[in-house]
1. Could you line up 300, 463 from fewest to most neighbouring Cβ atoms inside 10 Å?
2. Residue by residue through the range 491-501, which ³J(HN,Hα) values in whole Hz follow from phi under the Karplus form 6.51 cos²θ - 1.76 cosθ + 1.60 (θ = phi - 60°), with glycine and proline marked x?
3. Looking only at Cα atoms, what is the convex hull volume of the range 137-276 per residue, in Å³?
4. About the Cα centre, and with charges only on the beta carbon of Lys, Arg (+1) and Asp, Glu (-1), how big is the dipole of the range 2-665? Nearest 20 debye, please.
5. I need the Kirkwood Rh of the range 187-232: take the reciprocal of the average 1/r across all distinct C-alpha pairs and report it in angstrom.
6. I'd like the distance between the alpha-carbon centres of the range 456-472 and the range 595-657, rounded to an integer number of Å.
7. Counting C-alpha atoms alone, how compact is the chain: give Rg to one decimal and Dmax as a whole number, in angstrom.
8. Go ahead and collect, in residue order, the members of the range 166-199 whose backbone nitrogen is under 19 Å from a label point 7 Å along the Cα-Cβ direction of residue 255.
Amino acid sequence: MKRILTIIVVIQGLLGYGQVVDSLPSDTMLHRLADVTVVSRHIATRRVSGAVNGMVIGREELFRAACCNLGESFTTNPSVDVNYSDAATGAKQIRLLGLSGTYVQMLTENLPNFRGAAAPYALDYVPGPWMSSIQVSKGASSVRNGYESITGQIDVEYLKPDDDQGLTLNVFGSSMGRMEANADVNMHMGSRLSTEVLAHFQDDYGHHDVNHDGFMDQPDVRQWNLQNRWKWRGDRYLFHGGLSIIKENRDGGQKRHASPAAPHLYKTEVETDRYELYMKHAYILNAEHGTNIAVMGNASMHLADAAYGHKEYDVNEKNVYAQMLFETNLTERHNLSAGFSLNYDYLRQEARVQGVQGVQEARDKSRETTPGVYMQYTYNLDSRLTAMAGIRADHSSIYGTFVTPRFHVKIKPYETFSMRLSAGKGYRTPHALAENNNLMASGRALVIDDLKQESAWNYGISSSVYIPLFGKTLKLNAEYYYTHFSHQAVIDYDTDPSQIHITNLKGRSYSNTFQVDMSYPIVSGLEITAAWRWNNVKCTYGGKLMEKPLTSRYKGLVTASYKTPLGLWQFDATLQLNGGGRIPATLSTVATPKSFHAYEQLSAQVTRWFRHFSVYIGGENLTGFRQKQTVINAADPWSDAFDATMIWGPVQGTMVYAGVRVNIGRL
């Protein structure tokens, strides 16, 4: 038993984040030491107790909303914002610490994923029923996962092959014409080997045009997603590997002519084929001292053919990532981790624009190989003081050698109070057109300069306090983060309204984010969470330091969750208030506002739990607010004034949905 427990702890340290979750012993955990059994109450969202400021969104939290995919998993989360990036393709963009998702390192089970050309639609590539948890880390995170984390990391944990679940089915439908079907099945072939198949099908067929501008509010999307995973667990060796295939078609654009003078319909289409392969090997060298070695890696190929009216874009992207790491506990208080990694990116892209002067074509092919080494030291003084210092050096075949330092410290003088400090640098290679090809859904000319490697410093301070109040515990958290860019690929709408110019930063660019949140169990089974976040994000455009466009200045959130004493019924509701922001100038002859005002959104869900299945019904954006003008100059989509990228709010109104989850049990 002792060896098995040790192996489990080691595997979590090697193949995951390895951070323990903050909890209050009095109401979250019961230990029966006689037979070393641990019985824990499920906690929807919980904070990790390591030096890095992060939280784990558990499966119970994911069930509080429809959560059809990763992009819809942050409805009840105060830290992460998700919104549409344009009104033509349905691409969604994540925001963390006031900055776009390109500065968030996306991971799947501790491996970098969904980079480059996959970034615009990555949030739709992870079905919600497949996820067991999501870990969100803020600020410059651990150097173990590379150098790309600037504002944070989002790590998705899938259901595991050795989970004791058997076959689970999920069917979902909405009033917006969306239908989904999901299945996951586990098979245990003996005590050591297990396999799992995850299947997903999605069909959006709504064709909605609520504002009657002739354009579909969101595209029709048909996606097939299949994944097969394997796991072998020995006494000192563990293997985990699998492969996945994604096929997706997105069809949007005009339903009808908004003007009789229009020659033909403006259509958008994106056809994507994506293939992934991953594997992990962990070896227990010395269980007593936690000495272990792990080898892991993944490979992907992303093929996409896109059309935006008379503009076409084709991309072929391949990525290979490999990592070898070593970890040991020097003493009970000192931990050392070291390793090396290799990242290879291949990108071939071709753009074609058909105009009055014929067809203009541009082709580009690039390769980047980046080997790197890192070392990270962690000191833990009885959980009262945890300090983690790491440094890595990488050499890019394009940008040369660069060094990434990061430091985190957590101070916990009392059981009810803790404080964290962090500082670190991050780098990333910009793939301007691959990561932003949805900007082609605009009549503006898209101009891209020869871009430098992006780099930024991130500093953060956060604190947590637990206050006994009326026999229960009030949890308070406050945090402040400052991100300062040295080099940045800037998307400039302002200097020339006839262009979208992606250029190198010339001046200052920074983000200030302050957030405070609290949660309190009002009565047994009912918990309230409230949060407020303020964003001050500015960048230099054409020599002027200006507020970043299409970004809310603040956000307020209140969530309530109630489960009846027997756990048969669950009621969830979330109210969001999104602050106003700036809208850049356009070429439209029709007057367009220079700013947008604050707006609210309400979502709610009721779930009825049975022994082997559950039924849920709910609604999103129940307040019905939607951005009135999602497409600028929709009457003439072939003009320079046409623009479907000026999105700052919801593009669709109220949506109601219903679904059923069925757990058939172990096969």
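1. The most exposed by this proxy come first: 463, 300.
2. The phi angles translate into 8, 9, 8, 8, 4, 9, x, 8, 10, 10, 10 Hz.
3. Measuring per residue, one finds 175 Å³ for the Cα hull of the range 137-276.
4. Around 1600 debye, computed over the range 2-665.
5. 13.9
6. 32
7. 24.6, 82
8. Label zone hits: 174-179.
Rule-based calculations on the coordinates, nothing more; no lab input. Please read these numbers as outputs of a predicted model, since none were measured by experiment. Neighbour counts are summed over all protein chains in view; Cβ atoms, including those assigned to glycine, are modelled from backbone coordinates with ideal geometry.
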